Structures are given as structure tokens and as C-alpha cells.
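Colleague: I have a structure here, written as C-alpha cells, and I will follow up with some questions on it.
All of the numbers you see were taken from the coordinates with simple rules; none came from a lab. As the structure is a prediction and not an experimental result, all values here were calculated from the model. With ideal geometry, Cβ positions are generated from the backbone for all residues, glycine too; neighbour counts draw on all protein chains shown.
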Amino acid sequence: MRVHLWLLFFFVIVFPFMYAKTVNAYWKPTYDVVIDVGHGGVDGGTTIKGILEKEINLQFGLELYKELKADSYHVAITRIHDYALSDDYIGRKTSRHQKDLLQRTMIVNSLKPKIFLSLHVNWAKNNRAHGPVVIYQKSDKSLFLAEVIQNHLNRYYQTERNPIKGKNYYLMNHTETASVIVELGFLSNWNDRVMLLDEQKRKEIVNTISSALEEYFTLILIDEVE
Ligand SMILES: [Zn+2]
């Protein structure tokens, strides 16, 4: 009788739990790309003549999301509307900026994507400063990804910029994630501004980023196979 009870316990309680855990581990999606849309809500980012960075970031983010989905990538995006991510943060009390960073960090650390790509727009006192700038985190994969994206964008924008090593914006514990910030251009520069607000140009820039990601994934795969 006791044995029966143990068997019953195993098949009714333990086995379904074990099975569920295995299935869950098997089906847990692995994210190729997390698109991080910079700023949002009360945080407009950089601004000029009523144009807000947060809006440009969102337009590019949504377009890139659609493009990568269409190319069958497993992709997530940090926001699809105009709101502050700091509002979602439920941890300890801290500044709004810090909450925003912690919320984005939480997303990347729980999704563990292969790529974390943050979209932003630049601003400089010197209004001649122009072109795309890719900022990378301290890791070989991040540097490599930054170089690939910067090269593709340089070709499109006809610039000759190099990626820049950034301070640790995101406190990530997953070094397997290649993390970059793509500054799409300078809002303070007339040419860049016109470009960033043009629908056709936006499509072309998004295409440029997505072909850079395709090249990165192909090269990384070759590197891992060898
Ligand atoms: Zn920004």
C-alpha cells in the first residue's frame, strides 16, 4: 500500500513537475535581438525645434522590429509606445534615470539575447558634427558587432567614423550578449536631421542595420563552427 502511495505521489506530483520543467527549458525562446528604444515618456532625450529624440528612436525601433521579424529573427523590443520604462520599475527607490537603466538591464538580463541594440540620436554643440556613431560595451563580441554596424552605416552615410568604447551603460551579467548603442545621427546637424525625419531614408537606414546584423550572425556562426 505504501509503495502504491509513493508511486501515486511520483506520477501525480513529481513527474508532471519534472516534465513541465524539461518542456519549459526546451521551449524557452532564445532571443536573437533585443531592440532597446532609447528614452520615452517624460524623458524626451535630445531635442531641437520641437523634434524629440524619443520619437525618432521609436519610429526606427518599430521599423527595425518589423524588418527583423520578417527575416525570421527572434526579436523583442523594450517599448512600442511613448512611455517611460522607469514607470515599470518596482525595485528600490532611486532616481528616475537609474530606474530607467535598471528596468532595461532587467529586460536584457532575463531575455539573454545574442544582441542588445540600443537606438539613440546624438547632439553636439558643433552643428557640423554628423553621422552615425556606434558605442560598444567592454567585450570582444560587442566590439565586433559595433565594427560591423559602423562599417555598414559608414557606407550608407558616406562617413568614416570608428566605433567608440562606452562606459558601462547597462550593468549586464551576460557577457554572451553583444551590446551596442547606435547613435543614428546628430539632431543638431541639418543634414542628419532631414535624413532621420525622412521616411524613405529611415527605411534605408533600417535596411542597412539589418544587413549588418545578418553579416554579424553569419561571421559569428562561421567563427563558432571553426
Ligand atoms: Zn539618447
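Colleague: Taking the mean number of other Cβ atoms within 10 Å as a proxy for protection, how do you rank 93-106, 53-66 from highest to lowest?
Modeller: 53-66, 93-106
Colleague: Could you run the Karplus curve 6.51 cos²θ - 1.76 cosθ + 1.60 with θ = phi - 60° over segment 41-57 and give me ³J(HN,Hα) per residue in whole Hz, x for Gly and Pro?
Modeller: Along segment 41-57, the couplings run x, 4, 9, x, x, 6, 8, 7, 6, x, 8, 10, 4, 4, 6, 5, 4 Hz.
Colleague: All other residues with a Cβ under 13 Å from the Cβ of Ser210 taken together, and with Lys, Arg as +1 and Asp, Glu as -1, what is their net charge?
Modeller: Working: positive: Lys66, Lys69, Arg202, Lys203; negative: Asp32, Glu63, Glu67, Asp71, Glu204, Glu214, Glu215.
Charge balance in the 13 Å sphere: -3.
Colleague: Under a cut-off of 26 Å between alpha-carbon atoms, report the lysines in cross-link reach of Lys125, not counting same-chain residues fewer than 8 places apart.
Modeller: Lys49, Lys54, Lys165, Lys167, Lys201
Colleague: Quick one: which residues, 5 or more positions from Ala178 or on another chain, have an amide H under 5 Å from its amide H? H modelled 1.01 Å from N in the peptide plane, none for Pro or chain starts.
Modeller: Placed amide hydrogens put Ile115, Phe116 under 5 Å from Ala178.
Colleague: Whole-Hz ³J(HN,Hα) for each residue in segment 80-94, computed from phi via Karplus 6.51 cos²θ - 1.76 cosθ + 1.60 with θ = phi - 60°, x for glycine and proline: what do you get?
Modeller: Running phi through 6.51 cos²θ - 1.76 cosθ + 1.60 with θ = phi - 60° gives 10, 10, 8, 8, 8, 5, 4, 5, 7, 6, 10, x, 5, 6, 7 Hz.
Colleague: Could you give me the ³J(HN,Hα) list for segment 130-137, computed from phi with Karplus coefficients 6.51, -1.76, 1.60 and θ = phi - 60°, whole Hz, x at Gly and Pro?
Modeller: With coefficients 6.51, -1.76 and 1.60, one gets 8, x, x, 10, 9, 10, 10, 8 Hz.
Colleague: At 1.567 mPa s and 4 °C, plugging the Kirkwood radius over alpha-carbon pairs of segment 33-224 into Stokes-Einstein gives what diffusion coefficient in µm²/s? Spell out each step's value before the answer.
Modeller: Working: Rh = 16.8 Å.
This corresponds to a translational diffusion coefficient of 77 µm²/s.
Colleague: Sticking with this one: Given segment 58-98, what whole percent of its Cα pairs are spread farther than 12 Å?
Modeller: Values: 534 of 820 pairs.
Summing the P(r) of segment 58-98 above 12 Å gives 65 percent of all pairs.
Colleague: Would you mind checking which residues have amide H under 5 Å from Trp123's amide H? H placed 1.01 Å from N; only 5 or more apart, or other chain.
Modeller: Leu187
Colleague: Which of the aspartates and glutamates could a cross-linker span from Lys112 if the Cα-Cα distance has to be under 12 Å and same-chain partners fewer than 8 positions apart are dropped?
Modeller: Straight-line reach from Lys112, under 12 Å: Asp32, Glu176.
Colleague: Right, another one. What FRET efficiency would be calculated for the residue pair Lys69, Arg155, taking the C-beta separation as r and a Förster radius of 35 Å, to the nearest 0.05?
Modeller: On the way: r = 25 Å, r/R0 = 0.70.
After rounding to 0.05, the efficiency reads 0.90.
Colleague: Another question, then. Report, largest value first, the span of the C-alpha coordinates of segment 63-177 along each principal axis, in whole Å.
Modeller: Principal axes ranked by extent give 44, 39, 29 Å for the Cα atoms.
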